[in-house]
Amino acid sequence: MDRRLAKSVRFVSLDVDGVLTDGSIWVGADADLGAPRDLRRFHALDGLAIRMMQRAGLVVAFLSGKRSAAVRLRARELDIAEVSLGSRKGKLSALRGMLARRGCTWDQAAHLGDDLTDLAVMERVGLPAAVVGAVPEVRAGAAWVGTVPGGEGAVREFAEVLLVARGEWDRLVTEFREGGRFAG
């Protein structure tokens with residue numbers, strides 16, 4: 001990853017299905033109420049990676065085209081303040097608002113995506129990135145393509161490459177080793 005490009009990043013948006021998860025959506029109903037429930041499986045490596053990016057001073061956001069109580073819960077667990085799930089205006093509009101609230105420009109943003117719904121965002125951000133299983137159009141538009149599938153630590157792979165290029169990875173690993181965890 002280009003060091004200059006990595007150093008310009010202040011804001012990282014992450015797609016959810018296919019990036020933070022393997023893309024599977026488990027749907028069921030509450031046994032008592034019959035209310036629909038959706039479930040997602042997240043990888044622990046990605047959680048720590050998000051904490052490390054936050055510790056490095058980056059704003060991390062979840063940007064998904066689908067509403068999900070499970071994703072909202074994971075966002076709370078990781079202190080993700082910027083979350084857009086199922087915005088009727090689309091991902092591009094949602095990210096525009098997030099960047100404005102945080103005082104960031106498009107050039108200071110990275111987005112990790114996998115599907116056609118990520119294309120408009122990836123065409124605008126300074127650092128468009130894709131997981132290995134991304135559709136061909138997304139891979140073609142990415143400045144960086146990972147080797148780890150979504151839901152299997154793909155965010156960790158991206159975060160490590162980004163933080164190494166910024167010259168922050170070793171310091172963060174040392175801080176973690178000495179403190180045992182990163183408080184939210």
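What to note about this one:
- Averaging over all projection directions, the Cα-based convex hull of the range 89-177 occupies 6.6 nm² in the image plane.
- D by Stokes-Einstein for the chain, Kirkwood Rh over Cα pairs, 10 °C, 1.306 mPa s: 96 µm²/s.
- The residues Ser13, Ser93, sorted by heavy-atom accessible surface at 1.4 Å with ligands and nucleic acids left out, run Ser93, Ser13 from largest to smallest.
- The chain: antiparallel DSSP beta bridges as a percent of all, rounded to 5: 20 percent
- Exposed trypsin sites (Lys or Arg not before Pro) absent: longest stretch of the chain, with sites in DSSP loops and at most 15 other Cβ within 10 Å deemed exposed: 90-180
- Over the range 38-101, the Kirkwood radius and the radius of gyration, each from Cα atoms, give a ratio Rg/Rh of 0.97.
- Once C-alpha pairs closer than 8 Å and six or more residues apart are averaged by separation and normalised to the residue number of the range 69-171, the relative contact order reads 16 percent.
- Remark: accessible surface ordering of Ile25, Ile80 (largest first) is Ile25, Ile80, probe radius 1.4 Å.
The values are calculated or read from the model by the stated rules, or taken from the named source; none is laboratory data. Computed from a prediction, not measured in an experiment: that's the story for all the values here. Heads up, the Cβs are rebuilt from the backbone with ideal geometry, glycines too, and the neighbour counts pull from every protein chain shown. Heads up: the accessible areas ignore ligands, DNA and RNA and are worked out on the full protein's heavy atoms, side chains in. Shrake-Rupley method; radii C 1.70, N 1.55, O 1.52, S 1.80 Å.
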